[in-house]
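Data block below; observations after.
Where a number appears in this text, it was derived from the coordinates with a stated rule and is not lab data. Keep in mind the model is a prediction, meaning the values are calculated, not measured. Every residue, glycine among them, receives a Cβ derived from its backbone with ideal geometry; neighbour counts consider all protein chains shown.
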Amino acid sequence: MFLSDLFLPPPFDAADALGPILGGGALPPTRPATLAGHGLRRDPGGVRVALAAAAGESVTGLLLTAAGDARARLDFAMAALGAVPVPVTVATGAGPAPAEAYLFADTVPEGQGVPAGEDRARLAEALVEVIGHYGRRTAADMPFLLHGIGIRALGRARGPHRSLPVVLGAAHTAADVESLSRDFAYAHYFGVEEHRLRHRRFDGTMSEVIGRGVFTSGDAVTVLPYDPRRDAVLMIEQFRAGPFARRDPRPWSLEPPAGRADRSEPPEETARREAHEEAGLDIGRVERIAAFYPSPGIMSEYITAFVGEADLGRAGGVYGLAEEHEDIRAIVVPLAEALAACASGEIDTAPLLLSLFWLDRHAERLRRAWL
């Protein structure tokens with residue numbers, strides 16, 4: 001039997017977080033309330049946000065009357081974040097009142113404070129996808145899916161802020177697309193969305209309603225380590241499921257160190273972290289090569305590519321995170337040999353091809369600057 005009142009702390013007392021959970025429309029009745037002996041805790045590198053017992057702290061939020069589907073949706077969304085409803089007593093203008101509040105069920109993150117800026121936008125995007133699985137997944141499924149949801153949410157939070165000059169392209173923008181529906185058809189570490197939409201055509205008219213499937217993986221970062229003294233680069237080799245699924249006779253790929261943008265940090269910091277995880281390297285100065293959609297017809301992935309200064313004198317070996325089942329071979333080759341492998345076709349992954357072609361043009365400049 002549900003208690004009728006729920007205490008919601010920030011940011012869940014605001015429309016950008018509560019609205020997606022409840023599915024839009026008018027919000028249930030609310031009134032201010034304060035919960036003593038508790039504090040807001042969050043995962044600095046993810047989207048988990050909830051309350052935890054904390055002596056000497058208090059949180060001011062809203063007391064919300066929720067029942068039926070609204071209550072079930074709240075329970076589902078908060079379960080995805082790792083929180084469960086617990087009986088509490090809150091202070092209101094009319095005196096103490098019984099309620100329930102969502103507290104972390106097990107591991108409590110160390111971060112504190114209300115998410116703001118990019119972190120808040122990421123949480124709101126994550127809640128949209130979480131509640132997109134309501135009625136199709138069980139609440140017990142959701143914590144396992146949350147890591148991938150958080151990665152995809154970070155990409156969506158960053159997407160609207162991409163600003164580029166428009167010289168060759170038409171002046172169409174996202175405002176020229178009418179979104180009719182979005183279905184989260186598949187979710188695991190990656191996801192698939194099914195969209196129904198209309199968009200403006202080049203003759204100024206609107207298209208018919210069309211369906212488009214999108215493979216969603218979140219954003220990614222690559223870094224090509226370059227040693228200006230040796231004029232050498234480091235690349236990695238690992239098994240890849242994509243070529244395997246295509247029945248490629250050799251499903252191992254040569255690539256630059258790379259990884260998902262899964263934390264609210266600048267892309268260059270992600271590049272440094274991945275170079276250390278995948279090749280044991282500490283990167284010095286970095287230079288941005290480009291940012292691009294590798295296959296915009298079917299994927300939302302957006303890659304930011306860097307070249308990074310590195311001492312490759314003792315580099316190489318086998319690396320990777322055991323918990324991610326990584327088996328990564330790092331190799332160092334002269335830049336000329338890497339370019340020859342591009343010409344022969346041995347290197348056939350787009351991020352490495354793009355990075356090497358860019359470096360071929362800029363290596364002399366980098367040698368002068370970095371030496």
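Key figures
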item: Region 89-195: trypsin sites (Lys or Arg not before Pro) in DSSP coil with no more than 16 other Cβ atoms inside 10 Å; result: ARG136, ARG162
item: Chymotrypsin sites (Phe, Trp or Tyr not before Pro) restricted to region 199-302 and DSSP loop, no more than 12 other C-beta within 10 Å; result: PHE202
item: Over region 96-176, relative contact order from alpha-carbon pairs under 8 Å, at least 6 apart, %; result: 36 percent
item: Rounded, prolate or oblate (a/c below 1.5 giving rounded, otherwise prolate when a/b exceeds b/c) for region 132-262 by Cα gyration tensor; result: oblate
item: DSSP loop GluC sites (Glu not before Pro) with at most 14 other Cβ within 10 Å: longest gap in the chain; result: 209-345
item: Whole-angstrom gap from region 295-371 to region 63-98, using each part's C-alpha centre; result: 50 Å
item: ³J(HN,Hα) computed for each position of region 97-109 - Karplus, 6.51 cos²θ - 1.76 cosθ + 1.60, integer Hz, glycine/proline x; result: 9, x, 7, 10, 9, 8, 10, 4, 7, 9, 5, 9, x
item: Region 184-192 - phi-based ³J(HN,Hα) in whole Hz, Karplus 6.51/-1.76/1.60, Gly and Pro as x; result: 7, 6, 8, 8, 8, 5, 9, x, 10
item: Of VAL108, THR89, ILE149, farthest towards positive along the dipole that unit charges on Lys, Arg, Asp, Glu beta carbons give region 78-156; result: ILE149
item: Within region 190-253, trypsin sites (Lys or Arg not before Pro) in DSSP loop having at most 10 other beta-carbon neighbours inside 10 Å; result: ARG246, ARG247
item: Region 1-40 and region 122-141: distance between their alpha carbon centers, rounded to Å; result: 17 Å
item: Overall Cα dimensions of the chain, principal axis frame, Å, largest first; result: 76, 56, 39
item: Value of relative contact order over region 274-328, rounded to a whole percent, pairs C-alpha under 8 Å and six or more apart; result: 37 percent
item: Helix-only mean residue ellipticity at 222 nm for the chain, each DSSP H run of n ≥ 4 adding -39500 (n - 2.57), per residue, nearest 500; result: -9000 deg cm²/dmol
item: Choice from ILE283, ILE347, ILE131 showing the highest fluctuation, given a GNM over the chain with Cα pairs closer than 10 Å; result: ILE347
